[in-house]
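A.B. asks: I have a structure I would like to understand better, so I am pasting it below and will then ask my questions one at a time.
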């Protein structure tokens, strides 16, 4: 299957700082990527849909000014958590739809996740 | 509103036994039903998926049973092994004019005892 990577895998930062997380599709192009947040022992919650060449679409309740998404190229999307606070500590996971499937594609390939800890 | 309900929350099965996890959905527009396996500290990995035009799909020890009229689907893990111990998520999505987003169940933590 297609491979999606994330960097870094773990990050610890001080409250008030900003953290950037990268999501890359390694062997395919992804015009769309998805960002999820997962708290311990909970399910994945979709935060936003990242679109190459246009603005991201945020889910209800997600602050777009706090979680900045930039889909810089067909293989890279970044999530920047601005002015991070302890409550932002979570597992952040990105995914990309199956390549070559076109509009309406269903299968998504997930990255390995990034563990963010805000002190 | 939780669109995909998953049960049980946790499950303990003896090695060699059958693990069964159930999900129910509300939105009849859903047309893709995947199951994901997630190990601690890792991203979810697609295990098996089904579409509503079939009632069952089997891949190795993993089987999805789908009941369209009841709006339910389930995952059966035959001959469960300790290596199957993980959290399992069912999900659902629907085709539309863009890429489909997944709606996840709350997850089932499976422990297979040796």
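Read-outs throughout are calculated quantities, based only on the coordinates presented, and are distinct from any laboratory measurement. Because the structure is a prediction, the values reported are computed rather than measured. We place every Cβ from the backbone using ideal geometry, glycine too, and count neighbours over all the protein chains shown.
A.B. asks: Residues that are loosely packed, with under 14 Cβ neighbours inside 10 Å, at least 3 per element: which strands (runs of 3 or more DSSP E) completely within segment B:1-86 meet that?
C.D. replies: Working: elements: B:4-7, B:10-14, B:19-25, B:33-38, B:45-50, B:56-59, B:62-67, B:72-77.
Because the criterion is at least 3 residues that are loosely packed, with under 14 Cβ neighbours inside 10 Å, the strands (runs of 3 or more DSSP E) in segment B:1-86 that meet it are B:10-14, B:56-59.
A.B. asks: Determine whether residue A:37 is touching a strand residue (DSSP E or B) at 6+ places or on another chain (Cβ under 6 Å), more than 22 Å from residue B:87 (Cβ to Cβ) and touching a residue at least 40 places away in the same chain (Cβ under 8 Å). Full working, then the answer.
C.D. replies: Values: touching a strand residue (DSSP E or B) at 6+ places or on another chain (Cβ under 6 Å): yes; more than 22 Å from residue B:87 (Cβ to Cβ): no; touching a residue at least 40 places away in the same chain (Cβ under 8 Å): yes.
The answer is no for residue A:37.
A.B. asks: Further question on the same structure: Does at least one position in segment B:45-60 carry a residue that is touching a strand residue (DSSP E or B) at 6+ places or on another chain (Cβ under 7 Å), farther than 17 Å from residue A:46 by Cα and touching a residue at least 40 places away in the same chain (Cβ under 8 Å)?
C.D. replies: Looking for residues that are touching a strand residue (DSSP E or B) at 6+ places or on another chain (Cβ under 7 Å), farther than 17 Å from residue A:46 by Cα and touching a residue at least 40 places away in the same chain (Cβ under 8 Å), one finds at least one in segment B:45-60, hence yes.
A.B. asks: Sticking with this structure for a sec: Which residue out of B:84, B:79 is on the phi > 0 side of the Ramachandran plot and more than 8 Å from chain A (Cβ to nearest Cβ)? Quick ask: steps written out before the conclusion?
C.D. replies: Values: B:84 fails: on the phi > 0 side of the Ramachandran plot.
B:79 is the lone residue from the list that is on the phi > 0 side of the Ramachandran plot and more than 8 Å from chain A (Cβ to nearest Cβ).
A.B. asks: Here's another thing I want to ask about it. Quick one: in segment A:4-17, of everything that is within 11 Å of chain B (Cβ to nearest Cβ) and surrounded by 12 or more Cβ atoms within 10 Å (Cβ to Cβ), which residue is farthest from residue A:109 (Cα to Cα)?
C.D. replies: So in segment A:4-17, the residues within 11 Å of chain B (Cβ to nearest Cβ) come out as A:4-6, A:9-10.
Subset that is surrounded by 12 or more Cβ atoms within 10 Å (Cβ to Cβ): A:4-6, A:9.
Numbers: A:4: 7, A:5: 10, A:6: 12, A:9: 17 Å.
Across segment A:4-17, the extreme among qualifying residues is A:9.
A.B. asks: Can you tell me which residues in segment B:1-17 are closer than 18 Å to residue B:61 by Cα and over 14 Å from the mean Cα position of the chain (by Cα)?
C.D. replies: Taking segment B:1-17 first, the residues closer than 18 Å to residue B:61 by Cα are B:11-17.
Passing the criteria: B:12, B:13, B:14, B:15, B:16, B:17.
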